[in-house]
Structure formats: structure tokens, C-alpha cells
Amino acid sequence: MIGHTMAAAGTLEAVATVLALGHDVIPPTAQAREHRRGDPVRLRAAGARATPPSSMRISNSFGFGGQNVTLVFRRGA
């Protein structure tokens, strides 16, 4: 959804994850189509979806050269 930002992509995804955690939403998935009955995964195609308050979110980033990072963000007490 933000284009190819090379090394900055993981940073931007982490920021989006923290904002989603703070606002209790799930952002849409790029190139997703509307959910159909029987689809194994429910992707959000347009607009953020409100969620019940959550204490954690996960950000997975994969890049060129084998960079793989998973960050877990937890809401402060």
C-alpha cells in the first residue's frame, strides 16, 4: 500500500502496527478482495475495521537478502 521503500518498509509497517494498536483497528490489506463465505482467511479489502481493545499486535517483515523480522508490540500498562 506504500510502494517499495526498501529498508524503510519494516519501519513503516512497525509504525502502522503501533498506530493500529493504539486506535484499536485492523488496517486493510493491499490487493485484497471482499471476503466470501468459505475463504480460509478474512482479509479487509477497504477501510480499517474497528476491533475490541487488544493488548498486543504482531508485525512481520520480509525483505531482500533474507531479512526476516517479527516484532510483538504490547500496549503499556
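The values are calculated or read from the model by the stated rules, or taken from the named source; none is laboratory data. Everything quoted here is computed from the prediction, not taken from an experiment. Here the Cβ positions follow ideal geometry from the backbone for every residue, glycine too, while neighbour counts run over all protein chains shown. Ligands, DNA and RNA are stripped out before the accessible areas are found, and what is left, the full protein with its side chains, is counted by its heavy atoms. Shrake-Rupley method; radii C 1.70, N 1.55, O 1.52, S 1.80 Å.
For the pair the range 40-61 and the range 3-27, the centres of their Cα atoms are 12 angstrom apart. With viscosity 1.306 mPa s and temperature 10 °C, the Kirkwood radius over alpha carbon pairs of the chain converts through Stokes-Einstein to a diffusion coefficient of 114 µm²/s. Could you check how much of the accessible area of the chain is carbon and sulfur, as a whole percent, using a 1.4 Å probe? Result for the chain: 60 percent of the exposed heavy-atom area is carbon or sulfur. Label-to-label distance, ALA50 versus LEU12, with points set 7 angstrom from Cα along the beta-carbon direction: 2.9 nm. When only alpha carbons of the range 34-77 are considered, Rg and Dmax amount to 14.7, 38 Å. Taken along the Cα-to-beta-carbon direction at a fixed 7 Å, the label points for THR29 and HIS4 span 2.3 nm. Under the convention that each Lys and Arg Cβ holds +1 and each Asp and Glu Cβ holds -1, the size of the dipole of the chain around its Cα centre is about 260 debye.
Between VAL72 and LEU19, the simple spin-label model (points 7 angstrom out along Cα→Cβ) gives 2.5 nm.
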